[in-house]
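The values are calculated or read from the model by the stated rules, or taken from the named source; none is laboratory data. What you are looking at is a predicted structure, and each value in this text was computed from that prediction instead of being measured. Backbone-built Cβ (ideal geometry, glycine too); neighbour counts: all protein chains shown.
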Amino acid sequence: MTLWMLALAVAVTIAVFATTKPGREIAKRIGFRDHVPGAATSEDVAYLLSACHDDRALLERRVEAERHRFPALTEAEHYRRAIRKVIAERES
């Protein structure tokens with residue numbers, strides 16, 4: 001019974017932590033994001049991070065610029081717009 005209660009307490013603690021900002025940041029870094037409606041896919045995040053030469057600050061600035069320009073869009077659409085902008089910059 002004690003082992004079961006410990007397992008339940010750990011599961012609840014992890015679930016609560018996952019809803020906090022640090023918890024979401026950890027989930028973002030390990031790729032547990034595709035199940036969230038409107039969230040950017042792990043592939044989009046990885047591609048944009050690669051295009052930003054693994055500079056997370058640059059990635060966040062690019063996404064934030066799209067978020068500022070189009071606040072009504074979802075996170076996935078912000079990432080896609082940032083990716084399109086990177087591709088356009090490469091072509092020009």
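Does A27 count as free of Cβ contacts under 8 Å to residues at least 60 places away in the same chain, touching a helix residue (DSSP H, G or I) at 6+ places or on another chain (Cβ under 9 Å), surrounded by 13 or more Cβ atoms within 10 Å (Cβ to Cβ) and in a loop (DSSP other than H, G, I, E, B)? Break it down stepwise before answering.
Values: free of Cβ contacts under 8 Å to residues at least 60 places away in the same chain: yes; touching a helix residue (DSSP H, G or I) at 6+ places or on another chain (Cβ under 9 Å): yes; surrounded by 13 or more Cβ atoms within 10 Å (Cβ to Cβ): yes; in a loop (DSSP other than H, G, I, E, B): no.
So A27 does not fit the description; no.
Look at segment 62-86 and say how many of its residues are farther than 19 Å from C52 by Cα and of a type in the set (F, W, Y).
Number of matching residues: 1.
State yes or no: is A40 surrounded by 12 or more Cβ atoms within 10 Å (Cβ to Cβ), over 20 Å from T19 (Cα atoms) and touching a residue at least 12 places away in the same chain (Cβ under 8 Å)? Step through it out loud before you land on a result.
On the way: surrounded by 12 or more Cβ atoms within 10 Å (Cβ to Cβ): yes; over 20 Å from T19 (Cα atoms): no; touching a residue at least 12 places away in the same chain (Cβ under 8 Å): yes.
For A40, the condition - surrounded by 12 or more Cβ atoms within 10 Å (Cβ to Cβ), over 20 Å from T19 (Cα atoms) and touching a residue at least 12 places away in the same chain (Cβ under 8 Å) - is not met.
How about segment 52-70: which of its residues are assigned to a helix (DSSP H, G or I) and not basic (K, R)? Before the answer, list the steps.
Of all residues in segment 52-70, those assigned to a helix (DSSP H, G or I) come to 56-69.
Across segment 52-70, the qualifying residues are A57, L58, L59, E60, V63, E64, A65, E66, H68.
Looking only at segment 1-24, count how many residues are surrounded by 10 or more Cβ atoms within 10 Å (Cβ to Cβ), part of a helix (DSSP H, G or I) and hydroxyl-bearing (S, T, Y).
Residues in segment 1-24 being surrounded by 10 or more Cβ atoms within 10 Å (Cβ to Cβ), part of a helix (DSSP H, G or I) and hydroxyl-bearing (S, T, Y): 1 in total.
Kindly provide the set of residues from segment 58-89 that are small (G, A, S) and either surrounded by 17 or more Cβ atoms within 10 Å (Cβ to Cβ) or closer than 21 Å to G23 by Cβ (or both), ordered by number.
Here is the first cut: in segment 58-89, the residues small (G, A, S) are 65, 72, 76, 82, 88.
Within segment 58-89, A76, A82 meet the criteria.
Let me confirm something: among L49, L73, which residue is part of a loop (DSSP other than H, G, I, E, B) and either under 13 Å from the mean Cα position of the chain (by Cα) or of a type outside the set (S, T, Y) (or both)? First the steps, then the outcome.
On the way: L49 fails: part of a loop (DSSP other than H, G, I, E, B).
The conditions single out L73.
Would you please name the residue that is modelled with the lowest pLDDT, looking only at residues in segment 30-46 that are assigned to a helix (DSSP H, G or I) and closer than 22 Å to R81 by Cβ? Talk me through it step by step, then tell me what you get.
First pass over segment 30-46, keeping only residues assigned to a helix (DSSP H, G or I): 30, 42-46.
Imposing the further condition that a residue be closer than 22 Å to R81 by Cβ reduces the set to 42-46.
Details: S42: 81, E43: 88, D44: 91, V45: 90, A46: 90.
Looking at residues that are assigned to a helix (DSSP H, G or I) and closer than 22 Å to R81 by Cβ, I get S42.
Is it fair to say T2 is of a type in the set (V, I, T) and in contact with a Pro (Cβ under 9 Å, 6 or more places away or on another chain)?
On the way: of a type in the set (V, I, T): yes; in contact with a Pro (Cβ under 9 Å, 6 or more places away or on another chain): no.
No; evaluated as a whole, the condition is false for this residue.
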